[in-house]
Amino acid sequence: MLGTWRWNVVFGIFGTVLTVAFSIGNNPIIVMLLRSMYAFIAFFVLAFGVRAILAYILQPPSIVGDLAEDESSRGTQLDLQTPDESDDLNDMLKSQLQDGAVAPKAFAQNKDAAGFKPLSPPQLLSTKNTQPEELVKAIRHLTGE
């Protein structure tokens, strides 16, 4: 069960205080104390039920059966894991900092075998001195008109 018997006592005292608060002006002291004692007992017993329900609700789910995989559950989950390539990445970054003086170990073999050449795109030119008619043609071509 959740908690200890002290929670039952606190719950019983709470019931007693409620009973006294609502009956202090309407009943004589003896009747009020007797009903407060009944309220304490009722709330004390009720706290056992509340604690049992809370323990059932807050209980973690239990594992049914053993952890071995059944034949029917094989192949239903896919667990992918990427390989650790931090060393290769660090080597590549170091080589870029050194202006390509030293190629990384893993990429040096592939570079020789496949004839790898880094991409060097052409530099874009500005259109400061172009004629307006050429610009209009280019815009019409791009917009599909």
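The values are calculated or read from the model by the stated rules, or taken from the named source; none is laboratory data. The model shown is predicted, which means the values in this text are computed figures rather than measured ones. Because the Cβ atoms are built from the backbone with ideal geometry, glycine has one as well, and the counts that use them run over all protein chains shown.
Summary table below
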{"item": "Failed criterion for Val102 (all others in (1) surrounded by 10 or more Cβ atoms within 10 Å (Cβ to Cβ); (2) in a loop (DSSP other than H, G, I, E, B); (3) modelled with pLDDT of 70 or more; (4) β-branched (Val, Ile, Thr) hold)", "result": "(3)"}
{"item": "Near pairs, Cβ below 6 angstrom, 6+ apart or cross-chain, from region 15-26 (within 21 Å of Val50 (Cβ to Cβ)) to any residue that is polar (S, T, N, Q) and in a helix (DSSP H, G or I)", "result": "Thr16/Ser36; Thr19/Ser36"}
{"item": "From the options Leu67, Leu142, Leu89, Leu135, residue that is over 30 Å from Phe11 (Cβ atoms), loosely packed, with under 11 Cβ neighbours inside 10 Å and at pLDDT below 85", "result": "Leu67"}
{"item": "Residue list for region 54-64, restricted to those being assigned to a helix (DSSP H, G or I), aliphatic (A, V, I, L, M) and exposed (fewer than 12 other Cβ atoms within 10 Å of the Cβ)", "result": "Ile57, Leu58"}
{"item": "Enumeration of residues in region 25-41 that are assigned to a helix (DSSP H, G or I) and surrounded by fewer than 16 Cβ atoms within 10 Å (Cβ to Cβ)", "result": "Ile29, Ile30, Val31, Leu33, Leu34, Met37, Tyr38, Ile41"}
{"item": "Hits in region 11-34 (condition: over 47 Å from the mean Cα position of the chain (by Cα) and among the aliphatic types (A, V, I, L, M))", "result": "Val20, Ile24, Ile29, Ile30, Val31, Met32, Leu33, Leu34"}
{"item": "Enumeration of residues in region 28-40 that are touching a helix residue (DSSP H, G or I) at 6+ places or on another chain (Cβ under 7 Å) and either of a type outside the set (Phe, Trp, Tyr) or without any contact (Cβ under 8 Å) to a residue 12 or more places away in the chain (or both)", "result": "Met32, Arg35, Ser36, Ala39"}
